[in-house]
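The values are calculated or read from the model by the stated rules, or taken from the named source; none is laboratory data. Small disclaimer: the values here were computed from a predicted structure and weren't measured. A quick note on method: Cβ atoms are made from the backbone with ideal geometry, for glycine too, and the neighbour counts reach across all protein chains shown. Just so you know, the surface numbers come from the protein's heavy atoms only, side chains and all, with ligands and any DNA or RNA stripped out. Shrake-Rupley method; radii C 1.70, N 1.55, O 1.52, S 1.80 Å.
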Amino acid sequence: MPSSTAPAPTAFFPSPETMDVLFSKEEIAARTKEIGTQISKDYEGQSVVLIGVLKGAAIFLSDLARAIKVDNTFDFVAVSSYGRARVSSGAVKLIKDIDNPIEGKHVIIVEDILDTGLTLNYLRGLMLQHKPASLKIATCLDKPERRLVPIEADYVAFKIPNRFVIGYGMDYAERYRGVEDIRIFPEDAAH
Ligand code: PRP
């Protein structure tokens with residue numbers, strides 16, 4: 001949207017600079033590089049398919065892919081979103097499936113955040129039906145105390161407490177995805 005028509009920050013959409021930084025862009029870059037190095041070791045001599053979960057994972061996937069030194073390709077899926085609500089509705093629905101077959105391939109699902117686990121639990125089941133050679137999960141953030149279903153990621157950049165965060169792909173009502181740091185969205189700005 002042209003800046004002239006962009007809504008001005010309000011109490012409900014406060015400026016990101018006013019929010020506390022949980023992880024700086026430098027800390028995120030360093031951890032992403034470490035995870036990329038680990039994945040490169042784990043899959044040495046092999047190819048991996050990175051499947052990003054739109055939209056939040058797009059930025060982490062783009063950085064992670066560049067940190068992975070083994071041959072890799074991308075695909076994306078989209079599932080039903082929480083929308084404006086900040087908690088999971090519990091219902092997960094596939095909106096966009098993978099474009100290319102993954103049978104016999106080494107697959108890593110890439111997420112921005114593992115929260116209740118409902119999304120990844122659903123996607124893991126769905127991807128396993130395609131009979132990949134292996135299936136792992138990489139997530140930028142993990143909020144273990146929010147888990148409703150037992151699922152863990154194989155690669156986690158940061159474990160975090162139960163705070164609502166924005167930036168580095170993560171939104172509040174579709175805003176703030178392009179914020180470079182991961183910041184804590186103020187509870188009193190939500191409604
Ligand atoms: C977020 C995030 C994960 C999901 C995790 O997506 O990207 O896909 O929630 O939550 P869960 O573990 O409780 O299922 P969201 O629905 O906000 O959509 P977005 O990626 O488009 O922001």
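Counting only strands (runs of 3 or more DSSP E) that sit completely within segment 87-187, those holding 3 or more residues that are of a type outside the set (D, E, K, R) and under 30 Å from ALA30 (Cβ atoms) correspond to 106-114, 134-142, 155-159. Here LEU22 meets each of (1) assigned to a strand (DSSP E or B); (2) within 24 Å of ASN100 (Cβ to Cβ) with one exception, condition (2).
Are any residues in segment 108-122 over 13 Å from LEU94 (Cα atoms) and among the hydrophobic types (A, V, I, L, M, F, W, C), and if so, which ones? Steps first, answer last, please.
First pass over segment 108-122, keeping only residues over 13 Å from LEU94 (Cα atoms): 108-117.
Selection gives ILE108, ILE109, VAL110, ILE113, LEU114.
Of everything in segment 95-111, what is open to solvent by 20 Å² or more (accessible area, probe 1.4 Å) and within 16 Å of the ligand (Cβ to nearest atom)? Give them in sequence order. Write out each step before concluding.
The first filter runs over segment 95-111 and keeps only residues open to solvent by 20 Å² or more (accessible area, probe 1.4 Å), leaving 95-101, 103-106.
Selection gives ILE95, LYS96, ASP97, ILE98.
Among the residues making up segment 116-129, those that are near the ligand (Cβ under 8 Å from one of its atoms) and either open to solvent by less than 30 Å² (accessible area, probe 1.4 Å) or over 17 Å from the mean Cα position of the chain (by Cα) (or both) are THR116, GLY117, THR119, LEU120. Scanning segment 43-55 for residues that are open to solvent by 50 Å² or more (accessible area, probe 1.4 Å) and either touching a residue at least 40 places away in the same chain (Cβ under 8 Å) or at positive phi (or both) returns GLY45, GLN46, SER47, LEU54, LYS55.
Among residues of segment 130-173 being more than 13 Å from the ligand (Cβ to nearest atom) and hydroxyl-bearing (Ser, Thr, Tyr), the one that is surrounded by the fewest Cβ atoms within 10 Å (Cβ to Cβ) is SER134. Whenever a residue of segment 14-37 is open to solvent by less than 90 Å² (accessible area, probe 1.4 Å), its partners that are among the acidic types (Asp, Glu), lying with C-beta atoms within less than 6 angstrom and at least six residues away or across chains, give the pairs VAL21/ASP181; SER24/ASP181; LYS25/GLU180; LYS25/ASP181; THR32/ASP63.
Checking each residue in segment 56-78 for being of a type in the set (A, V, I, L, M), open to solvent by 10 Å² or more (accessible area, probe 1.4 Å) and within 16 Å of the ligand (Cβ to nearest atom) picks out ALA58, ILE59, ALA78.
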